[in-house]
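No value in this document is a laboratory result; all are computed from the given coordinates. Keep in mind that what you see is a predicted model, and the values were worked out from it rather than measured. Glycine gets a Cβ as well: all are built from the backbone with ideal geometry, and neighbour counts include every protein chain shown.
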Amino acid sequence: MSGRGTTYGAGATVIKLSENGSEEWNACAGESFYDGFNSTRELSDGSFLAAGYLKEGSDYDCYLSMIDSDGLILWTREIGSPESNESARDFVQVQDGGFLVAGVCYNEESSYSSDIYLFKTDFNGNVEWQTQIGGIGNDTPGEIFEITEDVYLMVGTTETGTGGSDVLLLKFQVSTQGMEQSQGFTPEGFVFTSCSPNPCNTSTSISYFTADHLPVSLSVYDMSGRLVRHLGTTETPGSYVINWDTADDAGRLLSAGVYTIVANSGINTYCRRMVLVR
């Protein structure tokens, strides 16, 4: 769980909870009430990376913090330009151990203009390359997903050349030199777009889209790998939102804990961890 402090001076905070919802530790990595984290993920070695924003004077920068399994802050990084305001929205760990981070860059000359700010770091948070994507109007990133090795899909919104606000799907390949966009992209298979709220208490909404005429089955498993709820199967291409009432197939409310939501088409499988608190 990540966010910003609720009292002045609290800073960007990550809180780790036990299965019953009690606090195990909290790590405060920011400097003031104006700092916060938007996304936190556990890494394969048990440590955590948090991404968000840090305010220095009147300037906001992307802010990354590595935290060990006991809540000790290992390092922090401020990434951005003094000529604009940036905030990290989402990230994914890439094959070489580094991180691909999607943020938003706000144009200081116009409060109604923003670009997607995409950058890659090594495992220690050192920037290897960075780029901006967008044009007139607001262009903002959502989540990033790995499709195959070094190939990623980013979901977002764009106002550039649309006359309004449209969904943006950007498929690209990552190397140490930067990114290469795939032109004329039509998504293959399916991908999660969100699971919100997470953590949840009484219900959560699971969103995904599919571009294939393949049945996609959505199920929930507990930490032991036991199937606890089958949420249904979709048969045709399109975007879907499925609500889960945090109950099992028999209608019994599940206990607090960590569950895995699995979408399976028989060819591809996507998994998303979901924390249930009571």
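Projecting the Cα atoms of 262, 274, 237 onto the dipole axis of region 190-276, where Lys and Arg carry +1 and Asp and Glu carry -1 at the beta carbon, places 274 farthest toward the positive end. Taking 28 Å as the straight-line reach from the Cα of residue 171, the lysines in range (excluding those fewer than 8 positions away in the same chain) are 120.
Let's see if you can work this out: charge +1 on each Lys and Arg Cβ, -1 on each Asp and Glu Cβ, no other charges. What is the dipole magnitude of region 190-276 about its Cα centre, in debye to the nearest 20?
On the way: 5 positive and 6 negative charges, 45 e Å.
So the magnitude is around 220 debye.
For region 1-103, the calculated P(r), taken from all Cα-Cα distances in 5 Å bins from zero up to the bin holding the longest distance, is 3, 14, 23, 25, 19, 10, 4, 1, 0 percent.
Once both labels are positioned 7 Å from their Cα atoms along Cα-to-Cβ, the gap between residue 146 and residue 68 label points is 2.5 nm.
In this rough spin-label picture, where each label sits 7 Å from Cα along the Cβ direction, the residue 221-residue 107 distance is 4.7 nm. Estimated from the Cβ-Cβ distance and a Förster radius of 30 angstrom, the FRET efficiency linking residue 278 and residue 31 is about 0.30. Per-residue extension of 0.36 nm, minus the Cα-Cα distance of residue 58 and residue 75, leaves a gain of 3.8 nm for this segment.
Extension gain for residue 131 to residue 260 (0.36 nm times residue separation, less C-alpha to C-alpha distance): 43.1 nm.
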